[in-house]
1. Can you tell me which residue in segment 68-127 is nearest to the ligand (Cβ to nearest atom), limited to those that are over 13 Å from residue 53 (Cβ atoms) and of a type in the set (Ser, Thr, Tyr)?
2. Quick one: in segment 39-50, of everything that is at pLDDT 95 or above and of a type outside the set (A, V, I, L, M), which residue is surrounded by the fewest Cβ atoms within 10 Å (Cβ to Cβ)?
3. Being assigned to a loop (DSSP other than H, G, I, E, B) and within 26 Å of residue 65 (Cβ to Cβ) is the filter here, so list the residues in segment 105-117 that pass it.
4. Can you confirm whether residue 36 is surrounded by fewer than 14 Cβ atoms within 10 Å (Cβ to Cβ) and within 20 Å of residue 135 (Cβ to Cβ)?
5. Answer with yes or no whether residue 127 is surrounded by fewer than 18 Cβ atoms within 10 Å (Cβ to Cβ) and either modelled with pLDDT of 95 or more or assigned to a helix (DSSP H, G or I) (or both).
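The values are calculated or read from the model by the stated rules, or taken from the named source; none is laboratory data. What you see is a predicted model, and the numbers here were worked out from it, not measured in a lab. When we count neighbours, we look across all protein chains shown, and the Cβ atoms used for this are built from the backbone with ideal geometry, even at glycine.
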Amino acid sequence: MANDDYLSLLGRAKEKLPETIEKHERFTIPEPDLLHEGKITTVRNFGAIIDALRREPEHLLHYLLRELGTPGQIEGQRLVLKAKISPAQFNDRITNYTETFVLCSECGRPDTHINKEGRILVLECEACGAHRPVRVRRAIRSDEKEGLREGEVYDVVIEDVGRKGDGVAKLDKYIIYVSGATKGAQIKIRIQKISGNVAFAVIEHT
Ligand SMILES: [Zn+2]
């Protein structure tokens with residue numbers, strides 16, 4: 001069969017689909033199309049993601065900026081983030097957003113809208129009529145090291161000195177041992193190793 005025939009057949013088959021099936025086709029969110037330029041990440045199809053989620057662009061923007069801990073803005077159909085964000089990090093946040101603000105917890109459909117009842121946000125399902133309060137939970141980060149990376153340089157204050165004589169600094173949830181650092185010093189350090197909440201670093205001489 002020639003390709004053209006096949007396509008027109010496909011087109012006709014699609015036209016014949018009853019409307020209900022069309023409506024209930026699988027809910028898909030477009031794969032984010034990320035472009036990295038230095039420390040800037042551009043989501044080139046942000047507009048398409050918003051269209052799929054049917055939420056206010058500003059709402060998703062604020063959620064993403066908070067969860068990713070980065071400044072950023074919407075520029076037309078694109079989202080520009082001022083940090084290097086991996087596809088996995090981005091997908092993670094979109095998945096959490098979708099579960100929190102879009103999907104009905106009863107029927108799993110995305111045909112929902114958000115209403116404000118007093119101070120409470122309520123997700124109302126257009127498909128099954130269920131409502132539930134929107135519970136915003138912090139994203140469980142699969143990439144806990146995003147705030148601290150091996151090989152990267154950070155500014156810290158040495159708050160204490162450990163038993164082995166290393167300086168001790170705290171950053172986010174990490175305790176960082178800095179070899180040769182003295183208490184009270186405000187220094188740049190380079191992370192050498194991260195193990196759970198503990199990191200080991202050396203002084204970065206600039
Ligand atoms: Zn529902």
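1. That would be 105.
2. The selected residue is 44.
3. Hits for segment 105-117 are 105, 110.
4. no
5. Criteria not met by residue 127.
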